[in-house]
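Colleague: Handing you this structure, nothing more for now.
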Amino acid sequence: MCVMHRCWIMPRCHSDTRGLGGSGSLTRLCTKESLRMRSKQLIAAGSVMALCSMQALAAEIGANLYGDLRYSVGYSDVEDGADDFDFNSNNSHLGLSIGGAEGDLRVTAVYELGIDSGNTTSGSDDTRQAYLSVGSPYGTLAYGQLETTYKQAGQRLDPFYNTGVGTITGTPFGNAGAPVLGPSFGLSALTSDTVDQGLIANQVTYLSPTIANLTGNATIIFAENDRDNGGQTDFGVGVEYAANGILLGAQYLDIRATLNGTPNANFNAGLPDRTKATRVYGGYGTENWTLGASWEPLEIDGAPDRDYYFLSGTLRLNDSTRLAASLGYVENVPFEGQSLSLGVFHELLTGLEAYAAARYSDRDEEAILNNGFAISDGASVGELVLGINYQFSLAGLF
């Protein structure tokens, strides 16, 4: 159920688009107990709000159980390092949405659970999303733990999102401070499909109605505590134009604190301190091909500014098969360099697709050393991946 997300140029909506506005990550720096407590608080708050809202609506309630199961096996050939075989679940998850409508007003509650071990430091399954949204002709308002619109803007451009080559972790990227699970090389960790990066708790997010093909969004992410520099409440704002296959937009995040220096901060994402992140993006799409581009300049207190550049394209060969390519380049990050990905996706059955993909990454060894980072293994790596994705939706449960 796409509540606020506007699927644009990619040939298919990922199931995480059931999140607000569309759906990794550095692992959460917290204990199992705090994770369970936060999940219980979110679920309880969402349940109470949903019940109160539903009682006010004399409407029939509908439910949808959905899932996105993603698995891959990959081979890595690392320069001056050991070759590696990996089997991965690429942010597989299950979700339940319950909604009701009366006239122009619609209330939806969503709970989504990750079913692989990649979402937390504890290695356990983790609550990905838990939120309540209310939609009307005046826009949509949501509260809880959900995707940021900043994340969604990058995800929609990435044909390899949540695949075996849509991640920055493991042997090929030993310099990464923590795994970036979901986005391709060239998209920042703020695009990740995991908690504390692209899935953020304590959000109040508003998406405006579309007027003259323009849609705006604004977000406040509340702090759990304050610190001496004025608190850690974070803010986001953005605007997007979409019409006739054209997409143009900009998203901005003011991240006041990160987990690197503040234990209860909202964001991790490998950021050492306060960060001002901007994404300028655009693209063009037809029924048979798409092009997309994203540029992310990140201003970080006390550290060199980072830049992320990303280009992508798809070409549909027939109703079942499409080709995909992406090119990424990053500056002033621990794995600075460029990366090229190529792949072919084939739909076997409704919701079930198989793919083969390859990625070659060439890290800039001199730049990495000049920025004070160490080189892990060699500067370049080639990867081959075979994967399968299965998406399902069981609507009308009651």
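A short reminder: the numbers here are calculations on the coordinates, not readings from a lab. If you're wondering where the values come from, they're calculated on a predicted model, not measured in any experiment. Neighbour counts are summed over all protein chains in view; Cβ atoms, including those assigned to glycine, are modelled from backbone coordinates with ideal geometry.
Colleague: Roughly speaking, what is the stretch gain from V280 to E102, that is 0.36 nm per residue apart minus the C-alpha to C-alpha distance, in nm to one decimal?
Modeller: Residue separation times 0.36 nm, minus the Cα-Cα distance, leaves 60.4 nm.
Colleague: Hey, another quick one. Report the full-extension gain for the segment N288 to S320: residue separation times 0.36 nm, less the Cα-Cα distance, to one decimal in nm. Intermediate values should be presented prior to the final figure.
Modeller: On the way: separation 32, 0.36 × 32 = 11.52 nm, distance 1.16 nm.
Difference between extended and current length: 10.4 nm.
Colleague: Provide Y284, Y131 in ascending order of the number of other Cβ atoms located within 10 Å of each residue's Cβ, fewest first. Walk me through the numbers on the way to the answer.
Modeller: Details: Y284 16, Y131 26.
Fewest to most other Cβ atoms nearby, the residues stand as Y284, Y131.
Colleague: Something else: Counting other C-beta atoms within 10 Å, which of E365, E147 has the fewest, and how do the rest follow? Don't skip to the end; give the middle numbers.
Modeller: Working: E365 15, E147 29.
Ascending number of Cβ neighbours within 10 Å: E365, E147.
Colleague: Could you give the length gained by full extension between Y329 and A303, i.e. 0.36 nm per residue of separation minus their alpha carbon distance, to one decimal place?
Modeller: Extra length from Y329 to A303 when fully extended: 7.5 nm.
Colleague: Then there's this: Run the quick spin-label model on I246 and A354: label points 7 Å from Cα toward the beta carbon, then report their separation in nm to one decimal.
Modeller: 4.2 nm
Colleague: Run the quick spin-label model on L65 and I211: label points 7 Å from Cα toward the beta carbon, then report their separation in nm to one decimal.
Modeller: The answer from the label model is 4.3 nm.
Colleague: Moving on to the next point. Say each of V344 and L384 gets a label point 7 Å from the Cα, pointing the same way as Cα to Cβ; how far apart are those two points in nm?
Modeller: Output for this residue pair reads 1.4 nm.
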